[in-house]
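The values are calculated or read from the model by the stated rules, or taken from the named source; none is laboratory data. In this text the structure is predicted, and so the values were computed from the model without any measurement. All Cβ positions, even for glycine, are placed from backbone atoms using ideal geometry, and neighbour counts span all protein chains on display. Note: areas computed on protein heavy atoms with side chains; ligands, DNA, RNA excluded. Shrake-Rupley method; radii C 1.70, N 1.55, O 1.52, S 1.80 Å.
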Amino acid sequence: MESRNVEQRRFAVGARVACLTADGWLEGTVVQVDFDGDPAEGIVPYLVELDSGGEVLAPKDTAELVVAAGQQPAEPWHVTQARELRRRGMEYAGQAKHPALFQPSQLHRWLLPSFLEATSAWRSSGQPEQLQIRRLPNVRLETEGIVSFDCFTQEFCKMLLEEVLNYQASGLPSRPPNSMNNYGLVLNEIGLKPVFSALLEEHLLGIATRLFGPIELQDAFTAGSQGFEHWGGDSLSAHHTFVVRYQPDEDRSLDMHVDECDVTFNFGLTNSDDFRGSDLAFCGMLGSEEHRKHLHTYKHRCGRCVVHLGKRRHGALAISSGRRMSLIMWCKSPVFRQSDEYLLRRFAPRTRKRPRSPDRVCLSHEHDSDYEEKLERLSRQRGEPRRFRGSTAGQ
Ligand SMILES: O=C(O)CCC(=O)C(=O)O
Ligand SMILES: [Fe+2]
């Protein structure tokens, strides 16, 4: 609420303005200044009638929220595209194969009872200490900074895969799930975002707090293990949630990379018998001397979650047969990203020592400018025949 001061308002009744709304910048006309019509809002600087229909209240008289019509900043193309896809995705709800999947109130049905049990005391008390990582079903400390546990029921995995196929058969638009995977679906854009927001808020946030939250909230389960630094695990609130698909004639593997997020939850959706290969290889943290050293290889299992920091290098090894699908939540903490601690984690040099010589599996074709050179050196060390740049097998 702002105090009444009509003379100092930037716009008068009748002015043409653009307002930042949940649907992006929308143009309209100011119909009241210092509007006092909604007891819940108090006095708000402007009531604007939108050209597209409806009205909007501008809660503050600042250029971040209201500008002269035509002066609104250009929106990045991907924001416009994502909004349009979400709008079309909402139409899908009526054609869904499993409408219950779209209801946050049904979420508990898709989670294993033992998983629900492990997060319940934290959920009801709000105290992170009440969530004990060791009580997550079949929990495993895979290696430093990486934990896995059972989470979803088999029924959920099957239903979600059917839903993805059903959406893809509907003819509604979709796009690749991220800038690296070509096959899959962004679940946030087919009407499933509220369900995964509930999963994050009601369950995963507690786990992330205990693994990647402030040091005083971290769980004894990982005590003595490296790799469990504070990356805003206690304030994750945004997520990009999608399904990826690998098969020999589509995406066979995924180059080594770090994710555009703070904490990643990756859930297997397909049975281990349905594919061969396609393991997830983990290396060191971005900026560390271990960044290109191999740490661990993880085998996906249906319904099981593996959680790691987004800035840990990882990639999917080649699939040799069958099909693997996984559900991935890239989770971010906008709050933590404003902190000095984040800047330190993200941008301060971690070490002055020389990075250790890379392991082959951790090399990235896309991100390492010395990829060819290192690959060649590693091949020579292993006594493999010399590779020639640009040559193709069989020529
Ligand atoms: O294939 C996987 O399980 C991992 C995919 C991945 O790392 C990603 O999409 O960021
Ligand atoms: Fe990733």
Quiz item: Are there any pairs with C-beta distances below 6 angstrom linking a residue in segment 127-148 that is in a strand (DSSP E or B) to a residue that is among the charged types (D, E, K, R) and surrounded by fewer than 16 Cβ atoms within 10 Å (Cβ to Cβ), with the two at least 6 apart or on different chains, and if so which?
Solution: SER148/ARG140
Practice problem: Can you work out which of the residues in segment 128-170 that are of a type in the set (S, T, N, Q) and under 22 Å from MET90 (Cβ atoms) is most open to solvent (accessible area, probe 1.4 Å)? | Solution: GLN168
Quiz prompt | Condition broken by GLN395, with the remaining ones in (1) modelled with pLDDT of 85 or more; (2) at negative phi satisfied | solution = (1)
Self-check item: Filtered residue count, segment 224-268, keeping only those that are within 10 Å of ligand 1 (Cβ to nearest atom) and farther than 23 Å from GLU201 by Cβ
Solution: 10
Quiz item: Can you name the residue in segment 269-280 that is in contact with a Lys or Arg (Cβ under 7 Å, 6 or more places away or on another chain), within 24 Å of LEU295 (Cα to Cα) and outside any loop (DSSP other than H, G, I, E, B) and, of all such residues, is nearest to ligand 1 (Cβ to nearest atom)?
Solution: PHE275
Quiz item: If you go through segment 252-282, how many residues are away from ligand 2 (no atom under 12 Å from the Cβ), open to solvent by less than 50 Å² (accessible area, probe 1.4 Å) and under 30 Å from PHE347 (Cβ atoms)?
Solution: 1
Exercise. Pairs only if they're at least six apart or on different chains, beta carbon under 8 angstrom, first in segment 254-280 and free of Cβ contacts under 8 Å to residues at least 60 places away in the same chain, second β-branched (Val, Ile, Thr) and open to solvent by 20 Å² or more (accessible area, probe 1.4 Å); list them, first residue then second.
Key: ASP279/THR297; LEU280/THR297
Self-check item: Candidates CYS305, CYS331, filtered to the one that is in a strand (DSSP E or B), in contact with an Asp or Glu (Cβ under 7 Å, 6 or more places away or on another chain) and in contact (Cβ under 8 Å) with a residue 24 or more places away in the chain
Solution: CYS331
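Table: residues versus (1) over 11 Å from the mean Cα position of the chain (by Cα); (2) hydrophobic (A, V, I, L, M, F, W, C).
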| site | (1), (2) |
| --- | --- |
| SER225 | yes, no |
| HIS230 | yes, no |
| ASP234 | yes, no |
| SER237 | no, no |
| PHE242 | no, yes |
| ARG245 | yes, no |
| PRO248 | yes, no |
| ASP251 | yes, no |
| VAL258 | yes, yes |
Quiz item: Would you say ASP249 is surrounded by fewer than 17 Cβ atoms within 10 Å (Cβ to Cβ) and touching a Ser or Thr at 6+ places or on another chain (Cβ under 6 Å)?
Solution: no
